[in-house]
Each structure stands twice: as structure tokens, then as C-alpha cells.
Amino acid sequence: MKIIWSTLAKDYYIYIIEQLFEKWNIKIVEKFEREITNLIYNISNNNQICPQPKKLLIIINAS
């Protein structure tokens with residue numbers, strides 16, 4: 001299964017990395033990135049972990 005990141009997901013990912021780097025250190029950022037990479041690999045290779053949705057879900061941020 002191919003993982004497709006939305007623009008919002010990419011923006012939040014970068015924001016999280018920036019916050020981790022600002023509040024902790026590069027080791028924590030690298031650990032976070034490794035864990036996300038492993039999670040994406042596992043989801044893409046074991047689609048029973050997170051099956052592809054039948055409908056497109058649209059999330060509206062009300063803030």
C-alpha cells in the first residue's frame with residue numbers, strides 16, 4: 001500500500017520535529033524520525049494494521 005501524506009500532515013510533521021528539536025535535542029528528533037519511518041513501513045507492508053479507507057475522509061479544522 002502506498003502512503004500518501006496530506007499537506008496538513010506534512011506541515012504537522014515538520015512542526016513536531018521543530019518542537020522536539022527546540023525542547024530536547026537532535027537524538028530525540030532522530031529517534032522520532034526512525035519510529036515514524038518504521039511505522040510507515042509497517043503500515044505499507046501490513047495493510048491489515050491500517051486498511052485503506054473506502055471513503056475519503058475530510059477533516060475540517062474549526063480553529
How much length is gained on full extension from residue 23 to residue 40, taking 0.36 nm per residue of separation minus their Cα-Cα distance? 3.6 nm
Please compute the net charge surrounding residue 16, taking Lys and Arg as +1 and Asp and Glu as -1 over other residues with Cβ under 12 Å from its Cβ. -3
Counting other Cβ atoms within 10 Å, which trypsin sites (Lys or Arg not before Pro) in segment 1-49 have at most 12 and lie in a DSSP loop? 2
Could you sort 6, 44 by accessible area so the largest value comes first, with the probe set to 1.4 Å? 6, 44
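The values are calculated or read from the model by the stated rules, or taken from the named source; none is laboratory data. If you're wondering where the values come from, they're calculated on a predicted model, not measured in any experiment. With ideal geometry, Cβ positions are generated from the backbone for all residues, glycine too; neighbour counts draw on all protein chains shown. For accessibility, only protein heavy atoms count, side chains too; no ligands or nucleic acids. Shrake-Rupley method; radii C 1.70, N 1.55, O 1.52, S 1.80 Å.
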